[in-house]
Structures are given as C-alpha cells and as structure tokens.
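Reviewing the structure listed below.
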Amino acid sequence: MTDSVLCEQDGAVATITLNRPEARNALTAESKTALLAVLRECGSDAAVRAVILTGAGRAFCAGQDLREHAGQLEAGAAPSETVRNHYNPIITAITSMPKPVVAAVNGVAAGAGASLAFACDFRVAGRSASLLMAFARVGLGADSGASWTIQRLAGLAVATELLMLAEPVTAERALSLGLVTSVVDDEELAGAARELAARLAAGPTAAYGAIKEGLAYAATHGLADSLEKEAQLQDALGTTQDHRAATIAFVRKEQPVYQGK
C-alpha cells in the first residue's frame, strides 16, 4: 500500500482505492506498480474472498497520466513499454484472480481506467459515472485488454464505435449495452458495491474461481475443449469442503456455510 493506492480489508472484503483524486486518479508508473502489487497480494491472501476496486474523489480513473507520459516520450520511451510492463500484468492479475472483483465506478473511467473496470467481474456504476475509450483521441489504439473485453461484453459493433469515435458513454447507456452490471444513485454506490462484494465473499469462492477460469478458457477454445475443461474443473471442485458441505446442507434443507476450500 502506498499513498497513491490504498487497500483496506473489512472482514473478507478488500477494497483497493486509487488515491490521486487531484489528478482524477490518473495512473503513473508508481501507482501502476503499487496497484499490481496490491492486486497480487489480495489474490494470494486466503483471508480475502472478494475485492472492490474504486477511485478516491469524483473519478474512478482517468487512465494514463499524460503529463508523465509526455515526459517519457520526450525521453525516447515507447508507449508499449508501460503496456507490457504495467497494464498487461494488471489486467491479468484482475482477470486471473481466483475470487470475484467488483468495480465501483464513481465518475469518469477513461482509457486504461475504463479498461480496469471492464476487466473486473462486476461493474457497479454511480448514476453520474461515464465511460470514455479515449485512446484514439491521443492517436493510439486500445490497450489494457479493451479490444478483448468490450467485444465480449457488448459485441464488435459497440467496441468499434466506442474505440473509434471516443465519445463518452453515460452510465445508463453503458447499462443498456451490458458494459456495467448495475447503476445506482451516486450516494448509494459504496454501499451497493460493498453489499455485492460481501454477498460474493460469503459464497462458494472456490467455485467462483473455477467459473472465472472456465469462462476465460472457453472464450478462446471450441466446445469440445471447453467441455473437457469443465470436467477437469468439476473434478477439482468435487473434492472441496464447500461442495460436500453444500450438498449435505441441500439434503438437510439447511443453509450452507462456505469456506472457500
């Protein structure tokens, strides 16, 4: 945890907060390095069963800090350096984390900031939130997985529109397109994200991790391979305490208590 990225744990839920509100939580090399470290720590901590990602102040994340980026370009750095060294590992850490990740989108989520939200399993947006795929505005193509995630959330036509036209998308339109899971009043955002994360943390998190793994695999494989992957994941889950406890609870008409193992 650093000043630019905060992490607070409440029970089994960890809340990661991008904390550069004066810059709309734009991402610097330091904050990207800190974010990746915190994500990996939450991913490996058995006491953390669900994660919330949000931003401090009035913005979720404005994407790359362009002041820092301009200085790096003047120094001869290629844009792909931060993509490979920072953004790709961050998106991988979110998507491969064996537990649910909820984005609480407050205010603007632009460029790589929007991509962070798209990489999460759930996106709860405040009513005043907006999404902006700003890459084309600075003469760049998509990064941070946006070319992959938007197509899978909303289809090729929407991905093309958002990335090429680079116009803001309101929270309500994002909901209609399937880009966010739900929209709530701004003052209810933190509570709604917390309620969802707590519900997930109390659930069968081992199964959630397998569901994430199975979905990621099926996105790039055919039916036959995906069927076999499902069978392999069921083999592993069939030996868990959660599966046994839930089965017994079902037979006894009781509520199961999940341990995530």
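The values are calculated or read from the model by the stated rules, or taken from the named source; none is laboratory data. What you see is a predicted model; the values in this text were computed from it and never measured. Heads up, the Cβs are rebuilt from the backbone with ideal geometry, glycines too, and the neighbour counts pull from every protein chain shown. These accessible areas exclude ligands, DNA and RNA; they are computed on the full protein's heavy atoms, side chains included. Shrake-Rupley method; radii C 1.70, N 1.55, O 1.52, S 1.80 Å.
General remarks:
- Taking θ as phi - 60° and the Karplus parameters 6.51, -1.76 and 1.60, the scalar couplings of the stretch 134-140 work out to 8, 4, 5, 5, 10, x, 10 Hz in sequence order, x denoting glycine and proline.
- Kirkwood hydrodynamic radius of the chain, Cα pairs, Å: 19.1 Å
- Computed from backbone phi with θ = phi - 60° and the Karplus coefficients 6.51, -1.76 and 1.60, the 3J(HN,Hα) list for the stretch 103-114 is 8, 9, 8, 10, x, 6, 10, 10, x, 4, x, 5 Hz; x is used for glycine and proline.
- Partners of LYS32 within straight-line reach, counting aspartates and glutamates whose Cα lies under 13 Å from its Cα and excluding those fewer than 8 residues away in the same chain: ASP3, ASP65, GLU68, GLU81.
- Sequence-distant contacts, meaning Cα pairs under 8 Å at least 6 residues apart, place the relative contact order of the stretch 187-261 at 37 percent.
- Amide H contacts of GLY178 (H built 1.01 Å from N, under 5 Å, at least 5 apart or other chain): none
- Computed over protein heavy atoms with a 1.4 angstrom probe, the accessible surface ordering of LEU156, LEU53, LEU196, largest first, is LEU156, LEU196, LEU53.
- Crossing angle, helix 223-237 versus the chain [Cα axis fit, 0-90 degrees, rounded to tens]: 60 degrees
- Separation of alpha-carbon centers, the stretch 13-37 and the stretch 189-261, rounded to whole Å: 29 Å
- Excluding same-chain neighbours fewer than eight residues apart, the aspartates and glutamates reachable from LYS253 by a Cα-Cα span under 18 Å are ASP242.
- Projected label points at THR220 and ARG84, each 7 Å from Cα along the beta carbon direction, are separated by 1.7 nanometres.
- Solvent-accessible surface (1.4 angstrom probe) belonging to HIS243, in square angstrom, nearest 10: 90 Å²
- With contacts taken as Cα pairs under 8 Å at a separation of at least 6 residues, the chain carries a relative contact order of 17 percent.
- Surface listing: TYR87, TYR258 arranged by accessible area from highest to lowest gives TYR258, TYR87, probe 1.4 Å.
- In sequence order, calculated HN-Hα J values of the stretch 248-255 (Karplus, 6.51, -1.76, 1.60; Hz; x Gly/Pro): 5, 4, 4, 4, 8, 6, 10, 7
- Bridge orientation summary for the stretch 3-75: considering DSSP beta bridges with both residues in this region, about 45 percent are antiparallel.
- With helices as the sole contributors, the chain gives -14500 deg cm²/dmol at 222 nm; each DSSP H run of n ≥ 4 counts as -39500 (n - 2.57), and the sum is divided by every residue.
- Remark: the GLN234-ARG67 segment gains 55.3 nm on full extension, using 0.36 nm per residue and subtracting the alpha carbon distance.
- Where labels lie 7 Å past Cα in the beta-carbon direction, separation of LEU227 and GLN241 in nm: 3.5 nm
- The stretch 119-261 shape via C-alpha gyration tensor axes, a/c threshold 1.5: oblate
- Estimated FRET transfer efficiency when R0 is 35 angstrom, pair ILE248-ALA37 (beta carbons, to 0.05): 0.30
- Between the stretch 161-184 and the stretch 43-63, the Cα center-to-center distance that results, in Å: 20 Å
- The stretch 102-157, relative contact order [Cα under 8 Å, separation at least 6], %: 37 percent
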